[in-house]
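Okay, so here's the structure we're looking at.
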Amino acid sequence: MGLRDKYAYAISTAKGKFDGSAQEENGKLHFVGSVKTEAEKNEIWNAIKTIPDWKNEIIADIKVTGGGTAAASSGKTYTVKAGDTLSKIAKDHLGNANAYMKIYEANRDQLSNPDLIKPGQVLKIP
């Protein structure tokens, strides 16, 4: 099995938002290209990181070119209430409970685990 097969999920996640390529060279998979937003870049990275060996197998140069959506969503926040989960917040604000990792990644500076949020925390909504 080649690296393109091993990272098929990451490659399929990148389709439609990644202007570039994922080419296998010298035992490494090179992701080289650009996306419009930081959120798209994070989505691709999250897909790459589903494979435990990614640090030894991936070389990525993913540039963010900027787009209207990044600037429009950059100031949005949410204050966690008792009983909230990242999945519930993602469903309410992003329309998809499975998008909770986007919120987690946007708040890595204050979250060490997506299951550990506390009432009163102010989270950035990507």
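What to note about this one:
- Scanning region 82-111 for residues that are polar (S, T, N, Q), more than 13 Å from the chain's Cα centre (by Cα) and modelled with pLDDT of 90 or more turns up 85, 87, 96.
- Members of region 43-65 that are of a type in the set (Phe, Trp, Tyr) and farther than 23 Å from residue 94 by Cα: 54
- Residue match in region 3-19 (condition: over 23 Å from residue 123 (Cβ atoms) and part of a strand (DSSP E or B)): yes
- Test: residue in region 62-81 that is surrounded by fewer than 15 Cβ atoms within 10 Å (Cβ to Cβ), part of a helix (DSSP H, G or I) and modelled with pLDDT of 90 or more: no
- Filter result for the condition that a residue is in contact with a His (Cβ under 9 Å, 6 or more places away or on another chain), assigned to a helix (DSSP H, G or I) and either surrounded by 12 or more Cβ atoms within 10 Å (Cβ to Cβ) or not acidic (Asp, Glu) (or both), over 103, 89: 103
- Between 103, 62, the distinction of being closer than 27 Å to residue 6 by Cα, among the hydrophobic types (A, V, I, L, M, F, W, C), in the same structural domain as residue 27 (by TED's automatic domain parsing) and in contact (Cβ under 8 Å) with a residue 12 or more places away in the chain belongs to 62 only.
- Considering (1) crowded, with 17+ Cβ neighbours inside 10 Å; (2) at pLDDT 90 or above; (3) within 19 Å of residue 13 (Cβ to Cβ), the lone condition that residue 123 does not fulfil carries the number (3).
- Within region 21-53, if we keep just the residues that are in a helix (DSSP H, G or I) and of a type in the set (A, V, I, L, M), the residue that is surrounded by the most Cβ atoms within 10 Å (Cβ to Cβ) turns out to be 48.
The values are calculated or read from the model by the stated rules, or taken from the named source; none is laboratory data. For clarity, every value in this text was computed on a predicted model and none was experimentally measured. Note: ideal-geometry Cβ built from the backbone for every residue, glycine included; neighbour counts use all protein chains shown.
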